[in-house]
Amino acid sequence: MVGSHNLRDLGGVVTEHGSRVRTGRVFRCDYPAFADADAAAWDELRLATVVDLRRGTEVAVECVDWSAHGVRWCRWPLSAGRESSWRAGYAAYLESRPGSVVGAVRAVMDPRGHAVLFHCAAGKDRTGVVATLLLSVLGVAEQDIVAEHLLSGPSVEPVLTRLRRHALYAEMLAGSSLEDQAPAPRQVESLLEWLRVRGGAEAWLVDQGLRAEEVEAFRATMLEVR
């Protein structure tokens with residue numbers, strides 16, 4: 001994909017109950033530079049909404065002019081607190097800024113805003129947290145959620161090369177190796193364990209303010225019986 005390295009459809013997987021997650025509605029990505037660089041890909045996705053998980057300082061470094069594309073753009077910045085996510089663990093995003101996590105999930109779930117793309121800088125950590133919550137709510141098996149996370153592996157090297165061209169990210173990544181940044185099963189497994197203690201992804205989201213009706217509308221939109 002010209003301009004982006006970690007774009008994929010969240011659909012296509014089969015849930016534990018035998019339903020298939022619909023494709024063409026929810027996409028995840030690293031910084032979506034393809035919007036300006038690959039007109040054919042842009043036309044194919046037919047996006048209505050983009051959910052940006054980055055901080056304001058990151059947006060200042062690079063940001064697509066979504067209004068020029070006729071797309072609704074909303075930003076729900078996720079933060080793992082003072083520690084980087086690969087040290088603190090993915091649950092730190094839910095503990096540090098739960099309101100932003102729920103806001104991002106709500107924006108992605110809303111069928112009226114589909115097709116929707118959610119992204120951060122690399123499309124791996126913050127994006128992976130939201131993807132884990134969405135797939136878990138849809139009833140996807142934990143091993144399949146982990147496998148989906150690992151699909152980001154081949155993108156890490158080219159994404160890091162792009163990020164290090166910017167002083168902001170170069171400073172953040174100083175001393176971090178390719179191995180440090182590679183997706184690992186434990187990242188998602190530990191988040192799922194953390195959620196299990198709290199009743200699961202849906203229970204945690206509802207406890208934080210997401211309405212049960214929003215979850216049901218998302219499932220009705222995204223699941224098709226095989």
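The values are calculated or read from the model by the stated rules, or taken from the named source; none is laboratory data. Just so it is clear, the model here is predicted, and its values are computed rather than measured. Ideal geometry is used to build each Cβ from the backbone, glycine not excepted, and the neighbour counts take in all protein chains shown. Surface areas here come from the heavy atoms of the whole protein model, side chains and all, with no ligands, DNA or RNA. Shrake-Rupley method; radii C 1.70, N 1.55, O 1.52, S 1.80 Å.
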Quiz item: Mean residue ellipticity at 222 nm from the helices of the chain, using -39,500 (n - 2.57) per DSSP H segment of n ≥ 4 over the full residue count, to the nearest 500 deg cm²/dmol?
Solution: -13000 deg cm²/dmol
Quiz item: If you place +1 on the Cβ of every Lys and Arg and -1 on the Cβ of every Asp and Glu, how big does the dipole about the Cα centre of the range 51-176 come out, in debye to the nearest 20?
Solution: 320
Self-check item: Residue-normalised accessible area of the range 130-187, expressed per residue, 1.4 Å probe, Å²
Solution: 46
Exercise. Step through the residues of the range 171-178 one at a time and calculate ³J(HN,Hα) from phi using the Karplus curve (6.51 cos²θ - 1.76 cosθ + 1.60, θ = phi - 60°), rounding each to whole Hz and writing x for Gly and Pro.
Key: 5, 5, 8, 4, x, 9, 9, 4
Quiz item: So for the range 72-220, taking the charge dipole from beta-carbon charges (+1 Lys/Arg, -1 Asp/Glu), which of 111, 183, 151 sits furthest toward the positive end?
Solution: 111
Self-check item: Size of electric dipole in the chain: Cβ of Lys, Arg +1 and of Asp, Glu -1, about Cα centre, debye, nearest 20
Solution: 280
Practice problem: Restricting things to alpha carbons, find the Rg to Rh ratio for the chain using the Kirkwood radius for Rh. | Solution: 0.93
Quiz prompt | Two-decimal Rg to Rh for the range 93-226 - Kirkwood Rh, Cα set | solution = 0.99
Quiz item: Per the Cauchy relation, a quarter of the hull surface: what is the mean projected area of the convex hull of the alpha carbons in the range 31-133, in nm²?
Solution: 6.4
Practice problem: Just the number, please: carbon plus sulfur as a percent of the accessible area of the chain, 1.4 Å probe, no ligands or DNA/RNA counted. | Solution: 49
Quiz item: For the range 42-84, what D do you get in µm² per second when you plug the Kirkwood radius from alpha-carbon pairs into Stokes-Einstein at 10 °C and 1.306 mPa s?
Solution: 134
Practice problem: Bin all alpha-carbon pair distances of the range 1-73 at 10 Å intervals from 0 and give each bin's fraction as a whole percent. | Solution: 17, 49, 25, 9, 1
Quiz item: Once the principal axes of the Cα atoms of the range 160-226 are found, what is the range along each, listed largest first in whole angstroms?
Solution: 44, 30, 27
